[in-house]
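The values are calculated or read from the model by the stated rules, or taken from the named source; none is laboratory data. Nothing here was measured: the structure is a model prediction, and the numbers come from that model. Here the Cβ positions follow ideal geometry from the backbone for every residue, glycine too, while neighbour counts run over all protein chains shown. For the accessible areas, the whole protein counts, side chains as well, though only heavy atoms, and no ligand, DNA or RNA atoms are used. Shrake-Rupley method; radii C 1.70, N 1.55, O 1.52, S 1.80 Å.
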Amino acid sequence: MSEQTIALVTGANKGIGFEIAAGLGALGWSVGVGARDDERRESAVEKLRSAGVDAFGVPLDVTDDASVAAAAELIEERAGRLDVLVNNAAVTGGMPQTPTTVDPATMRAVVETNVIGVIRVTNAMLPLLRRSASPRIVNMSSTVGSLTRQSAPGAETGPISAAYAPSKTFLNAVTVQYAKELSDTNILINLGCPGFCATDLNGFRGVRTPEQGAAIAIKLATLPDDGPTGGLFDDAGPIPW
């Protein structure tokens with residue numbers, strides 16, 4: 001197997017995911033660009049390669065069992081292991097999203113991608129991660145998933161979000177359970193909040209750049225062996241649950 005660090009980033013064809021791939025690639029890593037859209041994925045790979053990144057495309061729909069299984073097989077054949085998994089792919093479900101009017105189908109679609117998709121990809125990649133000397137899993141979350149912040153009087157937590165914000169709370173809770181199960185292994189799994197970045201996800205209304213948003217994922221992907229696990233972090237440090 002190669003000595004080069006191997007990473008996979010889901011939803012990496014644009015925005016924060018692309019910048020995470022670029023940042024990890026700048027470390028000399030080989031980075032799998034996971035994305036559903038063939039044209040956008042290959043365009044992203046080409047752009048990363050032109051910047052000197054050892055990037056390769058990974059066809060990946062996190063909501064599809066067969067697609068995720070095929071992605072694991074591709075990485076198995078290419079590298080024989082995986083060192084870092086960044087679960088970045090996510091959807092908002094569209095706005096407005098008030099609890100009294102939200103379509104249950106929207107709820108299902110958001111949870112399918114933002115929570116079940118993360119579980120699906122993580123479990124498929126775990127056999128490859130277990131072969132790594134220092135495996136890391138980074139789940140991209142958000143401060144909108146913090147119940148403490150959402151319930152604080154007068155706190156600025158963005159628009160009411162019946163599907164997206166709770167999906168991040170759900171993801172936070174699931175990640176804590178992974179950390180508990182994996183506590184006797186060398187796998188560190190954490191959640192990162194990129195902040196309010198200007199991306200397609202929010203109609204480019206954010207105040208941070210995707211590159212700034214990628215920084216926390218890169219930090220958590222490169223934690224030392226005695227680093228934290230089961231935590232939620234942004235650039236400033238731990239975020240309350």
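Which one is right for this structure if Cα extents along the principal axes in Å is calculated from it: (i) 66, 42, 39; (ii) 55, 35, 27; (iii) 52, 41, 32?
Answer by label: (iii).
Using the Cα centre of the range 1-145 as the reference point, and only Cβ charges (+1 on K/R, -1 on D/E), how large is the resulting charge dipole? Debye, rounded to the nearest 20.
Numbers: 13 positive and 17 negative charges, 75 e Å.
Computed charge dipole of the range 1-145: roughly 360 debye.
What is the packing order of peptides 177-184, 79-86, taking the mean over residues of other C-beta atoms within 10 Å and listing the highest first?
Ranked by mean Cβ neighbours within 10 Å, highest first: 79-86, 177-184.
For the peptides 28-35, 145-152, what is the packing order when you average, over each peptide's residues, the other Cβ atoms within 10 Å and list the highest mean first?
The densest-packed peptide leads the list: 28-35, 145-152.
So for the pair Thr98, Ala26, with labels modelled 7 Å out along Cα→Cβ, what separation do we get in nm?
Here the answer is 4.3 nm between the modelled labels.
With every protein chain present, what accessible area does Asp61 have (1.4 Å probe, heavy atoms only), rounded to the nearest 10 Å²?
Accessible area, nearest 10 Å²: 40 Å².
Using a 1.4 angstrom probe on the protein heavy atoms only, line up Arg208, Arg136, Arg78, Arg36 by accessible area, largest first.
Of Arg208, Arg136, Arg78, Arg36, the descending order of accessible area is Arg36, Arg78, Arg208, Arg136.
How big is the gap, in Å, between the Cα center of the range 77-100 and the Cα center of the range 123-149?
Cα centres, the range 77-100 to the range 123-149: 11 Å.
From the backbone phi of the range 212-217, what are the Karplus-calculated ³J(HN,Hα) couplings (6.51 cos²θ - 1.76 cosθ + 1.60, θ = phi - 60°) in whole Hz, Gly and Pro given as x?
After applying 6.51 cos²θ - 1.76 cosθ + 1.60, I find 5, x, 6, 4, 5, 5 Hz.
Please work out how much accessible surface Met95 shows to a 1.4 Å probe, ignoring ligands, DNA and RNA, in Å² rounded to 10.
In the full protein context, Met95 sits at about 100 Å².
Run the numbers for Lys180 and Glu76: contour at 0.36 nm per residue of separation, minus the present Cα-Cα distance, in nm.
Stretched out fully, the Lys180 to Glu76 stretch lengthens by 34.8 nm.
What number, rounded to the nearest 500 deg cm²/dmol, is the helix-based mean residue ellipticity at 222 nm of the chain, given -39500 (n - 2.57) per DSSP H run of at least four residues and division by all its residues?
-12000 deg cm²/dmol
Give the calculated FRET efficiency between Gln4 and Glu211 to the nearest 0.05, with a Förster radius of 22 Å applied to their Cβ-Cβ distance.
For R0 = 22 Å, the calculated efficiency reads 0.40.
Share of the range 131-197's accessible area from carbon and sulfur, percent, 1.4 Å?
Summing carbon and sulfur atoms, their accessible area is 59 percent of the total for the range 131-197.
Whenever you get a sec, line up Val91, Val68 from highest to lowest accessible area (probe 1.4 Å, protein heavy atoms). Could the numbers behind the result be given before it?
Working: Val91 50, Val68 0 Å².
So the residues, ranked largest to smallest area, are Val91, Val68.
In nm², what is the average projected area of the convex hull enclosing the Cα atoms of the range 49-143?
That works out to 8.1 nm².
With +1 on each Lys and Arg Cβ and -1 on each Asp and Glu Cβ, how big is the dipole of the range 104-159 about its Cα centre, in debye rounded to the nearest 20? Intermediate values should be presented prior to the final figure.
On the way: 6 positive and 2 negative charges, 67 e Å.
Once rounded to the nearest 20, the dipole reads 320 debye.
Identify the residues of the range 99-123 with backbone N under 19 Å of a label point that sits 7 angstrom from the Cα of Arg149 along the Cα-to-Cβ direction, or state none.
Inside the label zone: 114-115.
Using a 1.4 angstrom probe on heavy atoms only, work out the carbon and sulfur share of the accessible area of the range 28-124 in %.
Answer for the range 28-124 is 50 percent, counting heavy atoms of protein chains only.
At 1.4 Å probe radius, can you tell me the per residue accessible area of the range 1-115 in Å²?
Result: 46 Å² of accessible area for each residue.
To test your reading of the geometry: what angle, between 0 and 90 degrees and rounded to tens, separates the Cα axis of helix 65-78 from the longest principal axis of the chain?
30 degrees
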